[in-house]
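This report refers to the structure that appears directly beneath it.
The values are calculated or read from the model by the stated rules, or taken from the named source; none is laboratory data. This one's a predicted model, so the numbers in the text were calculated from it and none came from an experiment. Cβ coordinates were reconstructed from backbone atoms using ideal geometry, including for glycine residues, and neighbour counts include every protein chain displayed. For accessibility, only protein heavy atoms count, side chains too; no ligands or nucleic acids. Shrake-Rupley method; radii C 1.70, N 1.55, O 1.52, S 1.80 Å.
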Amino acid sequence: MLPDILFRSFRDFISVSDFSKKKLAECCGGSRVIDLLLHFPSSISVRSGDIENFKSKLTVVVKIHDHIAPKNRSAPYRIIAYTQQGVEIHIVYFNYNKWHLRKTFPEGAQFTVSGNAKRTLEAIEIVHPDIVAAPSLYSSYVGIEPVYPLTARLTNKTVCYAIQSLLKILPEMPEWLPSSYISFGDALYNIHNPRSSDDLDANSPSRQRIALDELLAQQIKLRQIKSINQEHVSAPMVSTGELLSRVHLPFQLTDGQVSCIEDIKRDLASGRPMNRLIQGDVGSGKTIVAFLAQLIAIENHMQTVMLAPTAILAEQHWATFQKLFSNLSVQMDIMLGANRRGRAQQLMKLASGETQLLIATHAVLEDNVIFKNLGLVVIDEQHRFGVMQRLNLINKCHHPHLLTMSATPIPRTVLLGCYGDLDVSIVGDKPMSRRPITTIVMNATKVEALIEKIQKKDTQVFWVCPVIEESEELVDVYQRFEFLARILGESSVRVLHGRMNAEQKNDIMRQFRDNEFKILIATTVIEVGVDIPNANIIVIEHAERFGLAQLHQLRGRVGRGCEDSYCILLYHEPLSSVARKRLSLLRDTDDGFVLSEEDLKLRGAGDILGKEQSGFHSLRFSDYAYNGLLLQKAVDLSSRVTDPSVVDFLLKIFNRPEQTTIWN
Ligand code: ADP
Ligand code: MG
């Protein structure tokens, strides 16, 4: 039997104040026994019992001898005590309540006292001891103590005590992994009772065990999603030609685009839900491939949605579709988070099936958005959306076909871990009109010379800064704005960043597209997908701060027109040798796959795919970058761990309820 106790509220099993229970729940991000047990120490501290050779913390048993209250309130209060061997110990308090201290430490009484200690001329001082307990408890306060991440008004002592209480009631558990692994219960015990700093290492057997369980849980989940999908039969969608035959593109599709469309057509016709990822470098023309797939869905009288990570991008897709397919009279609509006017009518048109193609941002994930018959979901820049968000959208209808697109080449291990084994098409080539981009690595001290050159060129410029405003050490958007506006004039420069509302952002983008100003200073909001052919220079400030994959993405903003294009990587000293190497690598290679593998080695998967948005933050104990081997083990194990009760148990352990109930 697998113990249910792990999923019960820990409040019933530990005797601390209600306030502390609440703080504990906040601290570990959950209220279940397992949530607290999965709150791991981040370091250790050593409480020595050796009065001759202690380092910082000392634990002693003392007998109280006398109190010395200073006349001057700002001086410390001193309690004189002696060990059994007659060593003089001073217990010292700065902010004190005299009466309270007198009551707590009556003369002649004995205590175990522990805390930061230092040797002075007269005695050993323990300032604000963090432990005052009965002499019989001495041994429990000597030795190595785990140190936990804390929140305000919660002490390490409370966390230690709570976790140790829970470990004591942890029942025997049947094991689901082969016996070569340390058991789940032992792993938890070891993690919370470290014997040296080695036990804190992510590679310690105990931590590896928990990381493996976490990856296993994720693999099981992916398998479940996949098998649900495979059981499902979806009506085959075959192009009737009704719309496709009337498409007249102003350019010829590349071979890569054609072969992607062939893959998609095959999937759509198969009678099983498609789950395909299109990978293609920035500018390889993925959007058009998706649109053509969407036309097939519409020909089959199904609705289809294109999900974009930003409003700017959604609007761009809207404009592109209008431009390319204006003759097809498709009923389309756009749904953005900010713009709620007319939402009721939008929802009605979706529910009635009148809207055939919806272009949307996250807004479409809300529960009140209901489709009549959603047949094909397209997710652009899919790594911007977490697993749960993808699921949420798919759940809006009966197993629609799913097409995802990514410009970030995703290394094989990461792909396996995040998506299970989905099908992948690669748009390998770029449209012929694309020009190579010259990348230049430049010291930021040369920025004035750079501006002079830019001034002479008849082109628009993206200028990327890492932060919006008021940063001590980094050049921020507004600082650069003022600088450039002074040289080039106010009307030549505009600012764009994520804290502006969607309308402001769109206005600026529109003006930039219409060539109303020369330089757009922005944060990485422009990273994703924006297409402005007349911008041929991108300057990236503090390039040393960005990941390679991200820099590559940014670089892809230019080189879309027919002029020569430049990417200027401005770095600020001091530049480490690793950073220098990485920037040179970026200068010398245009291969997104090479760059992303390199990033994976250096930074971890979360960084490649863009932090929180990636959904990687849900992994707490394992990082793909360092756990490639572990991931492979998890993949292998996931087909062997099939007992439904074990599966359920594992999923429950690592699926913290989304909305944690924290008691009031
Ligand atoms: P990405 O793959 O980065 O999403 P887009 O789909 O935004 O790239 O395409 C970038 C630009 O290339 C767009 O302006 C698009 O119209 C254009 N484009 C797409 N396919 C072709 C093609 N076969 N020939 C010429 N231009 C193309
Ligand atoms: Mg795109």
Among 167, 150, 154, the single one that is open to solvent by less than 40 Å² (accessible area, probe 1.4 Å) and part of a loop (DSSP other than H, G, I, E, B) is 154
Selection from the stretch 346-374 of residues in a helix (DSSP H, G or I) and among the charged types (D, E, K, R) yields 349
Subset of the stretch 404-418 (residues that are out of contact with any Lys or Arg (no Cβ under 9 Å at 6 or more places or on another chain) and either within 16 Å of ligand 2 (Cβ to nearest atom) or modelled with pLDDT under 65 (or both)): 408, 409, 410, 412, 413, 416, 417, 418
Cβ contacts < 7 Å: first residue on the phi < 0 side of the Ramachandran plot, restricted to the stretch 155-183; second residue outside any loop (DSSP other than H, G, I, E, B) and of a type in the set (D, E, K, R), any location; separation 6+ or different chain. Result? 160/145; 181/209; 182/209
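Name the one entry in 532, 521 that is touching a helix residue (DSSP H, G or I) at 6+ places or on another chain (Cβ under 6 Å), assigned to a loop (DSSP other than H, G, I, E, B) and open to solvent by less than 40 Å² (accessible area, probe 1.4 Å).
Details: 521 fails: assigned to a loop (DSSP other than H, G, I, E, B).
One residue alone meets the criteria, 532.
Is it fair to say residue 23 is open to solvent by 60 Å² or more (accessible area, probe 1.4 Å) and either without any contact (Cβ under 8 Å) to a residue 12 or more places away in the chain or outside any loop (DSSP other than H, G, I, E, B) (or both)? First the steps, then the outcome.
Numbers: open to solvent by 60 Å² or more (accessible area, probe 1.4 Å): no; either without any contact (Cβ under 8 Å) to a residue 12 or more places away in the chain or outside any loop (DSSP other than H, G, I, E, B) (or both): yes.
Against the criterion (open to solvent by 60 Å² or more (accessible area, probe 1.4 Å) and either without any contact (Cβ under 8 Å) to a residue 12 or more places away in the chain or outside any loop (DSSP other than H, G, I, E, B) (or both)), residue 23 does not qualify.
May I ask you to verify whether residue 349 is open to solvent by 50 Å² or more (accessible area, probe 1.4 Å), more than 33 Å from the chain's Cα centre (by Cα), modelled with pLDDT of 90 or more and within 16 Å of ligand 2 (Cβ to nearest atom)? Spell out how you get there, then give the answer.
Values: open to solvent by 50 Å² or more (accessible area, probe 1.4 Å): yes; more than 33 Å from the chain's Cα centre (by Cα): yes; modelled with pLDDT of 90 or more: yes; within 16 Å of ligand 2 (Cβ to nearest atom): no.
Here the answer is no, as residue 349 does not meet what is asked.
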I need the full set of residues from the stretch 509-555 which are within 16 Å of ligand 1 (Cβ to nearest atom), at pLDDT 85 or above and under 23 Å from the mean Cα position of the chain (by Cα), in order please. 551, 552, 554, 555
Can you tell me which of (1) open to solvent by 30 Å² or more (accessible area, probe 1.4 Å); (2) in contact with a Leu (Cβ under 8 Å, 6 or more places away or on another chain); (3) hydrophobic (A, V, I, L, M, F, W, C) is the one residue 61 doesn't meet? (2)
Residue, nearest to residue 422 (Cα to Cα), within the stretch 272-297, restricted to residues that are away from ligand 1 (no atom under 11 Å from the Cβ) and open to solvent by less than 10 Å² (accessible area, probe 1.4 Å): 277
Subset tally (residues that are within 16 Å of ligand 2 (Cβ to nearest atom), within 34 Å of the chain's Cα centre (by Cα) and either assigned to a loop (DSSP other than H, G, I, E, B) or not hydrophobic (A, V, I, L, M, F, W, C) (or both)) for the stretch 248-264: 2
